[in-house]
């Protein structure tokens with residue numbers, strides 16, 4: 001408690017005290033005291049966490065004591081309190097700060113990247129997600145979110161390039177997280193034509209028999225795929241011209257010329273396999 005003493009030598013002097021407490025959560029058990037000469041009294045100043053919702057944080061206030069003592073008319077005492085094991089404020093966590101799609105083939109299946117927003121705080125997290133930038137990017141998921149403690153909001157960002165160019169966009173996430181009210185996620189990608197990703201060996205020679213785009217070598221999976229298409233031609237429904245690899249430009253059928261060309265490629269290592277596989281994911 002706070003001890004107050006009237007040490008006036010004049011026995012008739014009465015000390016009058018008024019007590020004022022300011023600051024959310026702070027309070028006193030007395031609003032005034034009257035003390036005869038030579039007497040003392042105490043009062044308490046306390047902090048009630050429930051009055052601030054038991055929210056973690058630092059809290060401040062002031063205790064003001066006014067008296068009729070001509071030498072101490074007004075005394076101001078700062079107050080402070082900390083809650084560390086209560087309920088935490090909303091706290092946002094975003095799974096990525098950058099989403100890079102690398103090179104993507106124009107006309108291929110759209111590439112996707114995942115993005116998530118999590119509330120790792122205690123109170124509900126309220127916010128919104130907005131995508132701005134090149135139209136090649138889209139985002140699937142709720143624009144607005146309210147996340148309880150531990151909840152996650154998932155989003156799928158899609159990239160569908162339509163031209164040979166660099167593309168970029170920004171995902172802006174706003175929320176009531178006091179420490180991070182706005183978070184921006186940069187999104188990038190580049191559209192390329194398929195010719196830029198033709199399989200080649202280490203010397204730059206084109207490899208046509210790598211049909212399945214699996215592994216880094218022309219192997220048995222490619223052979224089985226070729227065998228399934230052997231004998232087909234462009235008069236048949238479902239004809240796939242990628243197996244018509246000889247002569248250059250194809251002749252409209254998958255025949256022994258194509259087989260001999262495939263045999264030449266069998267076992268070769270595709271030097272740029274990873275670039276092509278990344279682009280086609």
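The values are calculated or read from the model by the stated rules, or taken from the named source; none is laboratory data. Since we're looking at a predicted model, the values are computed, not measured. Don't worry about glycine lacking a Cβ; one is built from the backbone with ideal geometry, like all the others, and counts go over all protein chains shown.
State whether one or more residues within the range 98-107 are over 30 Å from residue 191 (Cβ atoms) and either free of Cβ contacts under 8 Å to residues at least 12 places away in the same chain or touching a strand residue (DSSP E or B) at 6+ places or on another chain (Cβ under 8 Å) (or both). Walk me through how you get there before you give the answer.
Of the residues in the range 98-107, the ones over 30 Å from residue 191 (Cβ atoms) are none.
No: zero hits.
In a residue-by-residue description of the range 174-184, the property of being within 20 Å of the chain's Cα centre (by Cα), within 16 Å of residue 275 (Cβ to Cβ), modelled with pLDDT under 95 and not assigned by TED's automatic domain parsing to the domain that holds residue 242 applies to no position. You will find that of 265, 244, the residue that is buried (at least 18 other Cβ atoms within 10 Å of the Cβ) and either at pLDDT 95 or above or in contact with a strand residue (DSSP E or B) (Cβ under 6 Å, 6 or more places away or on another chain) (or both) is 265 and no other.
For the range 59-70, indicate whether the set of residues that are closer than 30 Å to residue 145 by Cα, touching a strand residue (DSSP E or B) at 6+ places or on another chain (Cβ under 7 Å) and either modelled with pLDDT of 95 or more or assigned to a strand (DSSP E or B) (or both) is non-empty. Within the range 59-70, one or more residues are closer than 30 Å to residue 145 by Cα, touching a strand residue (DSSP E or B) at 6+ places or on another chain (Cβ under 7 Å) and either modelled with pLDDT of 95 or more or assigned to a strand (DSSP E or B) (or both). Annotation note: of 189, 107, the sole residue that is exposed (fewer than 15 other Cβ atoms within 10 Å of the Cβ) and more than 17 Å from the chain's Cα centre (by Cα) is 107.
Quick check: is even one residue across the range 30-47 closer than 30 Å to residue 171 by Cα, without any contact (Cβ under 8 Å) to a residue 60 or more places away in the chain and surrounded by 14 or more Cβ atoms within 10 Å (Cβ to Cβ)?
Checked the range 30-47: no residue is closer than 30 Å to residue 171 by Cα, without any contact (Cβ under 8 Å) to a residue 60 or more places away in the chain and surrounded by 14 or more Cβ atoms within 10 Å (Cβ to Cβ).
Considered as a group, the residues in the range 71-89 that are surrounded by 15 or more Cβ atoms within 10 Å (Cβ to Cβ) and at pLDDT below 90 include one that is nearest to residue 128 (Cα to Cα), and that residue is 89. Residue 119 fulfils the conditions (1) over 30 Å from residue 198 (Cα atoms); (2) outside the structural domain of residue 10 (by TED's automatic domain parsing); (3) touching a residue at least 40 places away in the same chain (Cβ under 8 Å) except for a single criterion, (3). Within the range 12-42, the set of residues being more than 30 Å from residue 87 (Cβ to Cβ) and assigned to a strand (DSSP E or B) comprises 15, 16, 17, 18, 19, 32, 33, 34, 35, 40, 41, 42. Is at least one residue of the range 236-245 within 30 Å of residue 158 (Cα to Cα), assigned to a helix (DSSP H, G or I) and free of Cβ contacts under 8 Å to residues at least 12 places away in the same chain? Yes, there is a match, as at least one residue in the range 236-245 is within 30 Å of residue 158 (Cα to Cα), assigned to a helix (DSSP H, G or I) and free of Cβ contacts under 8 Å to residues at least 12 places away in the same chain.
Restricting attention to the range 90-104, the residues that are surrounded by 16 or more Cβ atoms within 10 Å (Cβ to Cβ) and under 29 Å from residue 149 (Cα atoms) total 5. Whether any residue in the range 141-153 is at pLDDT 95 or above and farther than 19 Å from residue 123 by Cβ is what I want to check. No, the range 141-153 contains no residue that is at pLDDT 95 or above and farther than 19 Å from residue 123 by Cβ.
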